[in-house]
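S.K.: Structure provided below as structure tokens; questions to follow.
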Amino acid sequence: MMKRAYFLLILICLALTACGGSPAVKRTSSADSDTKKSNGGGYYGDDGPHENPPNNLDQIPDAVPKVEALYAYSSKPYQALGKKYVPLSSAKGYKKRGVASWYGKFFHGKKTAIGETYDMYSMTAAHTILPLPSYAKVTNIENGRSVIVRINDRGPFKHEREIDLSYAAAYKLRLIEKGSGMVEVEAIDPMQYTPRQHHTADATTPGDEAAGLEPQHFVQAGAFGDENNAIALQNRIQGLAIEELTKINRMYNGGLYRLIVGPYQTKAQAEKIAQSILKQLNISTIITTK
């Protein structure tokens, strides 16, 4: 009986040892997991590309900067991995060099910091302090290749990295194999951006084609220090009987919430909207072109 009891005690101990281990860690961001040592910082833990990624990744178009309302909580200070971050209220003038990494299938289909679904084959990125959403030109310092990404997520929070790119963006910059690399991140002001300012080609690839370079026109209906006033005017304009009324965005820049209507392909269309707003609401507007 003593031998049997001793044998059972050994079995119980072995079972407990097997079920122990480290507790699971919930990964709330692409940068919360450990990087594979084999590639020097390419992707995280069991993350990586799908077995059969699309074969046309170089043809995926860059993000197109446009005026968007900021996510309600994107400017609030927050903490991640014990460090405090204070997001910028405006991306204007931001330009910095640092290490870029990328995140892939482990996060594909999951929610970003602003509640959007992460698509590793779209041109997006995560940043610790740039406004959400915002746009940036990212240039690979080594080969000169550049892309434009829409920043809609927070991170990376480890290894003092500057930006975490989608799989597609990292592929176009030729960072997939190395896993990470030095880049320059330059914020883009959607109100000042034109496609002529950028192309993704390196020195051996032809430049931009003529297509898609026509300017777009916007109507700035107002600029307010209080976002509630911008929202109120937005609701009033949306209630007008204007056939050619298109999307209305609130853009926070320089301490003001600017109410932007558009885009329109011709200045005449924008002027028609401006006249309708003036006639029905007695509000003067400004026509901008980019």
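The values are calculated or read from the model by the stated rules, or taken from the named source; none is laboratory data. Every value quoted in this text rests on a predicted model; they were computed, and no experiment measured them. Reconstructed Cβ throughout: ideal geometry from the backbone, glycine too, with neighbour counts over all protein chains shown.
S.K.: Quick one: how many residues across region 190-218 are at pLDDT 90 or above and either over 18 Å from residue 151 (Cβ atoms) or surrounded by fewer than 18 Cβ atoms within 10 Å (Cβ to Cβ) (or both)? Before you say what the answer is, go through the steps one by one.
M.R.: Keep residues of region 190-218 that are at pLDDT 90 or above, which gives 190.
With the extra rule that they be either over 18 Å from residue 151 (Cβ atoms) or surrounded by fewer than 18 Cβ atoms within 10 Å (Cβ to Cβ) (or both), the set shrinks to none.
Residues that pass the stated criteria total 0.
S.K.: Quick one: in region 139-196, of everything that is among the hydroxyl-bearing types (Ser, Thr, Tyr) and not in a strand (DSSP E or B), which residue is nearest to residue 67 (Cα to Cα)? Break it down into steps so the answer makes sense when it comes.
M.R.: Start the filter on region 139-196 by keeping residues that are among the hydroxyl-bearing types (Ser, Thr, Tyr), which leaves 139, 146, 166-167, 171, 180, 193-194.
Subsequent filtering for residues that are not in a strand (DSSP E or B) retains 167, 171, 180, 193-194.
On the way: 167: 25, 171: 26, 180: 30, 193: 10, 194: 13 Å.
Selected residue: 193.
S.K.: Take the residues in region 249-261 that are modelled with pLDDT under 80 and in contact with a helix residue (DSSP H, G or I) (Cβ under 7 Å, 6 or more places away or on another chain); name whichever of them is nearest to residue 135 (Cα to Cα).
M.R.: Only one residue fits best here, namely 250.
S.K.: If we scan region 279-289, do we find a residue that is modelled with pLDDT of 85 or more, part of a strand (DSSP E or B), more than 22 Å from the chain's Cα centre (by Cα) and closer than 24 Å to residue 130 by Cα?
M.R.: At the first step, the residues of region 279-289 found to be modelled with pLDDT of 85 or more are 279-287.
Checking the rest, the ones that are also part of a strand (DSSP E or B) come to 286-287.
When the remaining residues are screened for being more than 22 Å from the chain's Cα centre (by Cα), the result is 286-287.
Right, trim to closer than 24 Å to residue 130 by Cα and you get none.
Looking through region 279-289, none of the residues is modelled with pLDDT of 85 or more, part of a strand (DSSP E or B), more than 22 Å from the chain's Cα centre (by Cα) and closer than 24 Å to residue 130 by Cα.
Conditions tested, residue by residue: (1) surrounded by 15 or more Cβ atoms within 10 Å (Cβ to Cβ); (2) closer than 15 Å to residue 158 by Cβ.
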position: 89; (1), (2): no, no
position: 94; (1), (2): yes, no
position: 97; (1), (2): no, no
position: 113; (1), (2): yes, no
position: 120; (1), (2): yes, no
position: 127; (1), (2): yes, yes
